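Comments concern the structure below.
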Amino acid sequence: MKKYTHAWLAMMAMKRIEKSAIPEDKKSDAKALVKWFKDYRDFVISGSWYPDSVFKDMSSSHIVKYEPDKTKESSYFRRMPETLGLYQMGLTSDKLGDAFKITKGNLCDRVESFAESLIDSFKILDSEASGEPIVPSCNHIAMRFFILSHYIADCHMPLHCDGRSFANSNAVHGFIEEQWDDMVRESYQIDEDNNRFFYDPEGYPLKSETVHPVVEAVEKELVNREFVWPWGPDCKNTWDYMSGISQYSYLMASRLVPDDRKPKDITPASYKKTDAYKEHFDEYTTIILNDAVESIAKVWLHAWCRYRDWWRGCELAGLKAEARAMVSEIAKAEKIIAEHPAMITGLEAKAAEALAKVEVKEAALKAARDAGRSTKTKENELASAENALAKVRLKVEESKEALQYALDSINDLKALSAAAALKVARKAKEYGISLDDQDDPDAV
Ligand SMILES: [Zn+2]
């Protein structure tokens, strides 16, 4: 696919996340993603074109090429969400189930690893203090969302999944993609100087006076199509999903460019004479581009929601730590209330003993003075006894103060602890996270 097609598909995916009926439990995350995106949409053209303009990994990561495999009886095609047009077309393909082999390309791995790295980037962003040199900027992360959209979109271009090699260095491939790019360029107003779309009041590409019917159809479908959250019956993750897409994209290739003649004989001129072009080109294009929008929206939102789940987990862990700290404060106060009265009685007895010692030493000093003997030793003994008395009296005071503080604050601590536990329970409920007994601060 070409530059403006890629950028437009990314914008349409954003629009789908905002405008379609997102499942209830993902709605607030979807809203947050759209809000986050709005600040960075100017990068969409440069970002979604980066793989071609800079990475130049076209012969590996933009493709996953399938060819018939004559050494096997059959191959399994994944079951996918029913809403996918490519899947519906594939189910009626006479090549469904035919043995295939993958001869080239790692597109699915690329998409999987890119989506994972987006989640990692957000985690780093949240974990490091702002201003730290290793913190990725939001501009950078947004750019990576758009780069990711490129690889996802490419998987829907059937010729990216088809091992046939056409005449004139894949001229048919280029011809089809040019048709699509022209369609986008004629349908929207593009700010060529700034390498971005002009925007409508909602922040999406501003339509031209005449809009191509395929573009109209895609704009309509992205709102109306049901947003199916699960990856699909045979898909557990991004990789499985992209692999399924590539299988049905491969089946679509035989419809888009029929394989009833040798690939080397197919040129743009001969292709234009086929029924596939004359009768079905817009229909197939619509199916391909609708699914591309859907898949970009799906992979993006799944990655974003995984990050948000992690973020909620961190927030809940922080609240749990606060609740646990309150519980331990209560335990400390209760221990003081239980132990200090007896401790104070014991200390007071020690203080009385220490006072008696002081009195004895005072008397001894006085006797020495009266007798005109040296008083140095007696003075030292008295000072030492007074010192011991002061120490034990201080301990009595401290224990009394601690007891009073514990008695005064225990009710407040209990109220704060109950509030902290309630906060944890409420957040857990809001986030749909279950609190097991070990983690429940009430159970500590
Ligand atoms: Zn590409």
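The values are calculated or read from the model by the stated rules, or taken from the named source; none is laboratory data. What you see is a predicted model, and the numbers here were worked out from it, not measured in a lab. With ideal geometry, Cβ positions are generated from the backbone for all residues, glycine too; neighbour counts draw on all protein chains shown.
Numbers at a glance
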quantity	calculated
Pair list, Cβ < 6 Å and 6+ apart or interchain, from the stretch 138-166 residues that are among the polar types (S, T, N, Q) to residues that are more than 16 Å from the ligand (Cβ to nearest atom) and in a helix (DSSP H, G or I)	Ser165/Pro263
From the options Asn224, Asn237, Asn195, Asn139, residue that is assigned by TED's automatic domain parsing to the domain that holds Asp52, of a type in the set (S, T, N, Q) and farther than 20 Å from Met12 by Cα	Asn237
Output for the stretch 5-55, where each listed residue is among the polar types (S, T, N, Q) and farther than 22 Å from Glu216 by Cβ	Ser28, Ser46, Ser53
Qualifying positions in the stretch 200-246 - surrounded by fewer than 16 Cβ atoms within 10 Å (Cβ to Cβ) and among the acidic types (Asp, Glu)	Asp200, Glu202, Glu209, Glu216, Glu226, Asp234
Residue selected from the stretch 340-366 under the condition acidic (Asp, Glu) and surrounded by 14 or more Cβ atoms within 10 Å (Cβ to Cβ), by the criterion nearest to the chain's Cα centre (by Cα)	Glu348
Condition met for Phe122 (buried (at least 19 other Cβ atoms within 10 Å of the Cβ), in the same structural domain as Tyr241 (by TED's automatic domain parsing) and within 16 Å of the ligand (Cβ to nearest atom))	no
Filter pass, Asp162 being more than 21 Å from the chain's Cα centre (by Cα), away from the ligand (no atom under 16 Å from the Cβ) and farther than 19 Å from Gly47 by Cα	no
Residue among Lys123, Lys65 that alone is more than 16 Å from the chain's Cα centre (by Cα), among the basic types (Lys, Arg) and at negative phi	Lys65
Only one of Ala303, Ala292 that is in the same structural domain as Lys15 (by TED's automatic domain parsing), assigned to a helix (DSSP H, G or I) and out of contact with any Phe, Trp or Tyr (no Cβ under 9 Å at 6 or more places or on another chain)	Ala292
Flag for Val299 being of a type in the set (Val, Ile, Thr), farther than 30 Å from Ala420 by Cβ, in contact (Cβ under 8 Å) with a residue 24 or more places away in the chain and surrounded by 13 or more Cβ atoms within 10 Å (Cβ to Cβ)	yes
Conditions (1) in a helix (DSSP H, G or I); (2) at pLDDT below 95; number of the one not met by Asn387	(2)
Tally, over the stretch 168-199, of residues that are surrounded by fewer than 16 Cβ atoms within 10 Å (Cβ to Cβ), assigned to a helix (DSSP H, G or I) and under 32 Å from the mean Cα position of the chain (by Cα)	1
Residue in the stretch 9-16 that is in the same structural domain as Cys138 (by TED's automatic domain parsing), surrounded by fewer than 17 Cβ atoms within 10 Å (Cβ to Cβ) and either at pLDDT below 95 or aliphatic (A, V, I, L, M) (or both) present	no
Residue within the stretch 47-54 that is assigned to a helix (DSSP H, G or I), touching a residue at least 60 places away in the same chain (Cβ under 8 Å), away from the ligand (no atom under 11 Å from the Cβ) and surrounded by fewer than 22 Cβ atoms within 10 Å (Cβ to Cβ) present	no
Pairs, first in the same structural domain as Cys235 (by TED's automatic domain parsing) and within 14 Å of the ligand (Cβ to nearest atom) in the stretch 61-76, second part of a strand (DSSP E or B) and not β-branched (Val, Ile, Thr), C-beta under 7 Å, six or more apart	Ile63/Lys104; Lys65/Lys104; Lys65/Asp162
Residue check, Ala129 away from the ligand (no atom under 16 Å from the Cβ) and outside any helix (DSSP H, G or I)	yes
Residue list for the stretch 255-277, filter: assigned to a loop (DSSP other than H, G, I, E, B) and polar (S, T, N, Q)	Thr267, Thr274
Test: residue in the stretch 110-117 that is in the same structural domain as Trp180 (by TED's automatic domain parsing), away from the ligand (no atom under 15 Å from the Cβ), touching a Lys or Arg at 6+ places or on another chain (Cβ under 8 Å) and not aromatic (Phe, Trp, Tyr)	yes
Residues that are among the basic types (Lys, Arg) and modelled with pLDDT of 95 or more, drawn from the stretch 226-262	Lys236, Arg255
